[in-house]
Structures are given as structure tokens and as C-alpha cells.
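The values are calculated or read from the model by the stated rules, or taken from the named source; none is laboratory data. Since the model is a prediction, treat every value here as computed from it, not as a measurement. Backbone-built Cβ (ideal geometry, glycine too); neighbour counts: all protein chains shown.
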Amino acid sequence: MTGAFEYRGGALHCEQVNLAEVAGRAGTPCYVYSAAALRRAFRLFEERLAGAPHLVCFAVKANGNLAVLRLLAEAGAGFDIVSGGELFRVLKAGADPEKVVFSGVGKTPEEIEAALQAGIHSFNCESEAELLLLSSLAQRMGRTARAAIRVNPDVDAATHPYISTGLKRHKFGIDIAGAEDLYARAAALPGLALEGASCHIGSQLLDVAPLIEAAERMGALVERLRARGIGLRFLDLGGGLGVPYRKEDPWPDVTRYLAAVRGIAERLHVELLLEPGRFIAGPAGVLLSRVLYRKSGSGKEFLIVDASMTELIRPALYEAHHEMLPLRRTERGTLVADVVGPVCESSDFLAEEREIENLLPGDYLAVMTAGAYGFVMASNYNARPRPCEVLVDGATWRIVRRRECHEDLVRGEEA
């Protein structure tokens with residue numbers, strides 16, 4: 001449990017707010033985010049990197065809520081985006097476009113033009129074809145596009161295969177073996193300021209050793225490029241730091257990691273860019289749900305709740321684990337049950353064979369560490385309106401995205 005979420009008098013609180021009050025008034029399912037937790041996680045990076053040229057870019061794909069983005073922008077964050085829609089969001093939230101980095105393997109011409117027009121910090125390019133397109137569009141618009149090439153350092157992130165990205169067999173980036181020759185070709189392209197090198201090996205890493213190894217390989221690449229006359233000014237090492245989803249999981253050694261990458265950047269005299277997402281937003285959020293039914297059969301116990309894979313798809317997609325806590329502690333002991341939602345899919349579960357508080361219909365529970373890759377991956381499958389989102393700041397809370405209604409489900413359609 002993060003410091004932002006704790007029991008007081010038997011009731012689970014987010015900061016100073018009783019979550020049962022939020023569930024009762026805002027309804028469920030409902031995402032709740034802690035402003036203090038978001039600020040604290042971002043500040044950790046700033047404190048460890050103080051005095052060194054750096055830019056910490058929050059990965060918008062982890063949580064794109066406008067209030068969350070505005071809070072981080074006001075704290076000084078930059079943003080890592082992967083689409084034109086995310087560019088629109090961060091600008092709407094008040095982000096400084098010069099602190100925006102555009103990643104992603106399939107940028108469209110329209111998205112690139114919008115980012116050039118906005119004047120973003122840089123593009124992380126993932127193919128030679130993209131470099132050629134970026135050069136052409138920048139030249140036509142009379143702009144100079146700052147760019148980095150995303151390189152696969154071929155370091156095994158040892159994480160879930162769906163969120164591993166840094167091996168040469170993955171769709172992302174350029175194999176490090178061919179990177180130097182591509183840099184040499186791209187450096188001559190007009191309209192392009194090839195000033196950086198970029199990598200991202202995967203997500204949810206609790207061991208920082210692969211991240212440090214990747215950073216060292218990227219540092220060596222920068223030195224080889226300089227020997228060929230290609231001087232780079234920034235090194236973007238992506239994100240990847242994990243968070244403990246299970247009670248027994250450790251926190252990654254962030255101090256060791258930041259000291260190592262800072263040392264590499266200072267040795268090379270480059271600006272250091274980092275793109276944390278999950279590490280900042282994951283522990284700062286929970287998903288509130290209400291128990292609808294209890295069901296027994298063939299030795300199985302089921303808790304049927306009003307949240308589902310349409311609100312939180314991580315358990316179904318990644319077999320991910322999320323701790324679950326009652327909003328009010330009871331004296332009923334525990335049971336072992338599957339926690340499942342109403343969606344008509346056997347994969348619609350939030351937990352399987354989980355020892356959990358002996359909850360009854362009408363009781364509320366919190367799905368912990370749900371602030372990243374939660375609402376952003378929500379869907380309207382089974383014609384389910386998406387949930388509301390709430391931001392807690394101290395003793396106050398407010399709805400920062402209203403719950404969808406049935407009319408929202410058919411908006412834009414014609415019968």
C-alpha cells in the first residue's frame with residue numbers, strides 16, 4: 001500500500017478523504033487518484049537529478065486524465081507522447097510544447113505536422129522511412145525537427161513479453177548493430193537536427209540492472225558516433241521502472257538507477273531525458289468497485305463486482321496482479337474467491353483464487369495500484385459506460401471526468 005492510501009478508524013482513506021464517501025457520492029466503478037502521490041513520485045526524479053541537465057517526461061499513455069497532466073505540468077514535468085491525440089491532451093492541459101517528446105512506431109504525416117507546428121522538444125524516430133518523412137515535412141513547413149533515433153540495445157528486460165520492447169526482434173526502434181550507419185545517413189538529411197539517441201527496453205522492471213546495462217550500451221553508442229563526427233546533445237533512456245503490485249514485491253532501487261544514468265549523462269555532457277509513467281501514476285490510483293452478488297458452485301467462490309475488464313483490462317490482458325482492500329474493515333475473516341465482473345467473457349476477472357476479505361453484496365472494495373494503464377485502456381465493450389475519475393488533494397476531492405451515460409455510447413452514430 002502506498003503512503004497515500006491507509007486505514008483510519010477501519011476506513012480506507014486517500015490522503016485525508018474517506019474513500020467510502022467517494023464511492024457513495026460518485027458511484028462505482030470509479031478511479032481515484034492522489035495528487036500528493038503524483039507530486040511525490042515526480043519530485044523524486046527532480047531531487048535526484050538536480051544540478052544536471054535533464055528533462056523528466058511523464059509517459060501520457062500511462063494516464064491521460066487532463067487534471068493529472070495539468071498537475072504534473074505545474075510541477076515542471078515534460079511529457080512523452082505516442083499519438084496526435086496525446087499531443088492534443090498535453091497542450092490542452094497546459095504543457096510547455098518544448099518539453100514534449102514524440103515517440104511511437106507509426107506516426108502519421110498529420111501527427112508529425114501537428115507536432116512540428118506546436119514546436120515540440122524532439123521526435124524519437126523508429127525507422128529510416130520515418131526519418132525521411134520527418135525531413136520532408138519539416139523542410140516543406142520551413143521548420144527544423146530535433147530528432148533522436150530509437151535504438152534497441154538488445155537487453156532482455158525480463159518482463160512480460162507484451163511489455164518488453166528492447167530486443168532486436170521487437171517492432172520498435174533500430175537494431176543497435178545497424179544504428180551507426182543509419183545515423184550517418186540521417187545526419188545529412190535537410191530539415192533534421194539529429195541531436196539525440198533514444199531507447200526503451202520495456203515496462204514494469206523491478207530490477208534496475210537491465211536499465212543500467214541499456215544505458216551503458218547507449219552511452220557507448222554515443223561515444224562511437226562522436227568518433228564518426230556525429231555529436232549528440234541529449235540521451236533519452238525512456239521509462240521502464242516498475243512498481244510493486246504484490247505486497248511481497250520490492251520497490252526498484254531508484255536511487256541506484258538515477259545515480260548510474262546521471263553519471264553516464266554527465267560523462268558524455270548530454271541532457272538526460274527520462275520517461276517514467278507507471279512509476280509516477282500506478283501507485284497514485286485505485287479503482288473503487290461494489291460487490292453485486294456472491295455465488296458458489298463446484299468448490300468455487302465468486303465475488304461478482306460492478307467493475308470489469310472494461311474498466312481494468314490488465315488482469316485479463318497480462319494476467320496482472322492487483323491487491324484488493326475493503327473500504328471498510330470487517331470482522332468476518334477472509335475467503336478464497338474469484339473476483340469477477342459482469343462482462344460476458346470468461347476472461348472478465350480482476351483476481352482468481354484470491355484470499356480476500358469476506359465481503360457481502362453492497363460492500364465496497366479498492367483495486368490497488370491502478371493509476372497507470374487503467375482508465376486509459378478502458379472500453380465500452382458490452383455497451384458499458386466508462387467510469388468517472390476523481391482527484392483527491394488533501395482533504396478535498398472532485399470529479400475530474402464525469403461518468404459516461406448511455407447517450408455517450410451512441411454519440412456520433414446514425415441508425
When both residues are 6+ apart or on different chains and their Cβ atoms are under 8 Å apart, which pairs have a first residue that lies in the stretch 384-401 and is assigned to a loop (DSSP other than H, G, I, E, B), and a second that is of a type in the set (A, V, I, L, M) and buried (at least 17 other Cβ atoms within 10 Å of the Cβ)?
-> 384/343; 386/378; 387/287; 387/307; 387/378; 394/35; 394/36; 395/17
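Does residue 193 meet the test of being in a helix (DSSP H, G or I), over 22 Å from residue 60 (Cβ atoms) and among the aliphatic types (A, V, I, L, M)?
Taking the combined requirement at face value, the residue does not satisfy it.
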Kindly indicate which of 313, 280 is within 27 Å of the chain's Cα centre (by Cα), closer than 30 Å to residue 216 by Cβ, of a type outside the set (Gly, Ala, Ser) and at pLDDT 95 or above.
-> 280
Among residues of the stretch 249-283, those that are surrounded by 24 or more Cβ atoms within 10 Å (Cβ to Cβ) and over 26 Å from residue 98 (Cβ atoms), counted = 2
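When the stretch 402-415 is examined, which residues are found to be within 24 Å of residue 345 (Cβ to Cβ) and assigned to a loop (DSSP other than H, G, I, E, B)?
Listed by number, the residues that qualify are 403, 404, 405, 410, 413.
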When the residues of the stretch 368-401 are filtered to those that are among the basic types (Lys, Arg) and closer than 26 Å to residue 317 by Cβ, which remaining residue is farthest from the chain's Cα centre (by Cα)?
-> 384
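Quick check on my filter: what residues within the stretch 96-131 are aliphatic (A, V, I, L, M) and either part of a helix (DSSP H, G or I) or touching a residue at least 60 places away in the same chain (Cβ under 8 Å) (or both)?
101, 105, 112, 114, 115, 116, 118, 129, 131
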Counting only residues in the stretch 1-11 that are touching a residue at least 12 places away in the same chain (Cβ under 8 Å) and under 25 Å from the mean Cα position of the chain (by Cα), the one surrounded by the fewest Cβ atoms within 10 Å (Cβ to Cβ) is identified as 3
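On the given criteria, is residue 303 touching a residue at least 24 places away in the same chain (Cβ under 8 Å) and over 22 Å from residue 11 (Cα atoms)?
no
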Select from the stretch 201-227 the residues that are among the charged types (D, E, K, R), over 30 Å from residue 319 (Cβ atoms) and out of contact with any helix residue (DSSP H, G or I) (no Cβ under 8 Å at 6 or more places or on another chain) and list them in ascending order.
-> 226
Boolean, residue 150 is part of a loop (DSSP other than H, G, I, E, B) and either surrounded by fewer than 16 Cβ atoms within 10 Å (Cβ to Cβ) or modelled with pLDDT of 95 or more (or both) | no
Looking at the stretch 256-304, which of its residues are within 27 Å of residue 327 (Cβ to Cβ) and in a helix (DSSP H, G or I)?
-> 278, 279, 280, 281, 282, 283, 284
Any chance the stretch 15-29 includes a residue that's in contact with a helix residue (DSSP H, G or I) (Cβ under 8 Å, 6 or more places away or on another chain) and either in the same structural domain as residue 400 (by TED's automatic domain parsing) or at pLDDT below 95 (or both)?
-> yes
Could you list, in sequence order, the residues of the stretch 337-383 that are among the aliphatic types (A, V, I, L, M) and part of a loop (DSSP other than H, G, I, E, B)?
-> 343, 359, 360, 368, 370, 372, 378
